[in-house]
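The values are calculated or read from the model by the stated rules, or taken from the named source; none is laboratory data. Since we're looking at a predicted model, the values are computed, not measured. Quick reminder, even Gly has a Cβ in these numbers, built from the backbone with ideal geometry, and neighbours come from all protein chains shown. Calculation scope for accessible area: heavy atoms of the full protein, side chains included, ligands and nucleic acids excluded. Shrake-Rupley method; radii C 1.70, N 1.55, O 1.52, S 1.80 Å.
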Amino acid sequence: MHKFFLSRGDSHMNVKHVDFLLTFKCSAECQHCSYKAGPRRTGYINSKDSSQYLEELTNIQPLQSVWVHGGEPFLYYDCLEHIIKKAKGLGIPRRGVITNSFWAKDEKIAKKKLRELKDCGLTALTFSADFFHQEFVPLENVRNALKSAVGIGFDNTSVDSYFVNDVTSYNYFNQFTKKNLELLEETDGVEFHRFPMRVEGRGITLTEYITLKPDIPLGKCPVPFWIEGNLQNPETIEIDSEGNVTLCPGISIGNTNMQSLTKIIKDYDVEKHSILSIIWKEGPIGLLKIAKEHGFQQTQQYANECHLCYKLRNFLQPVYPYSLVPKECYL
Ligand code: SF4
């Protein structure tokens, strides 16, 4: 296929990594979920669309990684397999999946599924394990999946855990997570990643357990940890099952049902984005003036810049119905 690599002058974006939010459907319904995924959500990225996205992206420039998550990507296992195979065929070197392990009911099942995925070209696996996920998925399933993954041998096997307030904060949620992780740490060859949960989406209901700052946060946008680069030149994009191309949960830079992914990437200019231009220049505090013009009353305290950002975007969502999507991220 003819490749028309865009020159740096053509685009502000230099996309090296793509995350597919394969579905917002999930076997769990975690209290901290930014996307409010759950059993009642519907839709998934079909194989035709995922192929199209990968072809367009690799036509622009070589990709370094593809990750598939959600929601729970194993609910659409054929589509997951398809993405991994397609990415391998296009020469994308790192191909990973993030799962809650609901499907790993015993080691035999876990080994079979993971062996199949390895044969398709999967190179990395991340398992979610913390208080929130274990409300829905037995820890035994995570152990089954983790042991099988290590036995089969992937380039990288890791566990991601989210903590309430901070990773060192003492509270019921974090103590539960810590105890569970001690059991998982018995498996060698696994990386453990601990993150503070983001105060957004369904997680907003946990605000009472979060330390709020007396002063309004005036800092810059830190950019989500999984988005390499910055808002002007993000190196990672996420594409969801509704066609939204997002840089942070609930902030879209375009929708593939309205224009091609190539055009979205080519046209992206942070200075022209209705919401990101303000966040980029002024930090989330810049949204406060606009929210006030629309009747927002500033009375509460916030944990950090992202908490403020989310609360203001939540208020402004009806004013920016195209930029502030997927809508389900908001209340
Ligand atoms: S929530 Fe707002 S401030 Fe935080 S990373 Fe996202 S865009 Fe930036």
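Here are some notes:
- Relative contact order (%) - the range 31-184, alpha-carbon pairs under 8 angstrom, separation at least six: 20
- Of all beta bridges that DSSP places with both ends in the chain, some 20 percent have antiparallel geometry.
- With the whole protein complex present, M13 retains an accessible surface near 10 Å², based on a 1.4 Å probe.
- When each of K48/K88; K178/K311; K86/K113; K86/K147; K213/K289; K36/K292 is checked by Cα-Cα distance, pairs over 25 Å: K178/K311; K86/K147; K36/K292
- Accessible surface of the chain, 1.4 Å probe, proportion on carbon and sulfur as whole %: 51
- Accessible-area value, S323, 1.4 Å probe, nucleic acids and ligands omitted, Å²: 20
- Bridging of K266 to lysines at a Cα separation below 18 Å is possible for K3, K16, once same-chain residues fewer than 8 apart are set aside.
- In the chain, Cα pairs under 8 Å separated by at least six residues give a relative contact order of 19 percent.
- Whole-number accessible area per residue in Å² for the range 181-330, which is evaluated in the context of all protein chains at 1.4 Å: 46
- Rough spin-label spacing in nm, given labels placed 7 Å along Cα→Cβ, for E186 and E293: 6.0
- Solvent-accessible heavy-atom area per residue, rounded to whole Å², over the range 77-116 at 1.4 Å: 50
- Distance between the range 273-304 and the range 35-108 - C-alpha centres, whole angstrom: 34
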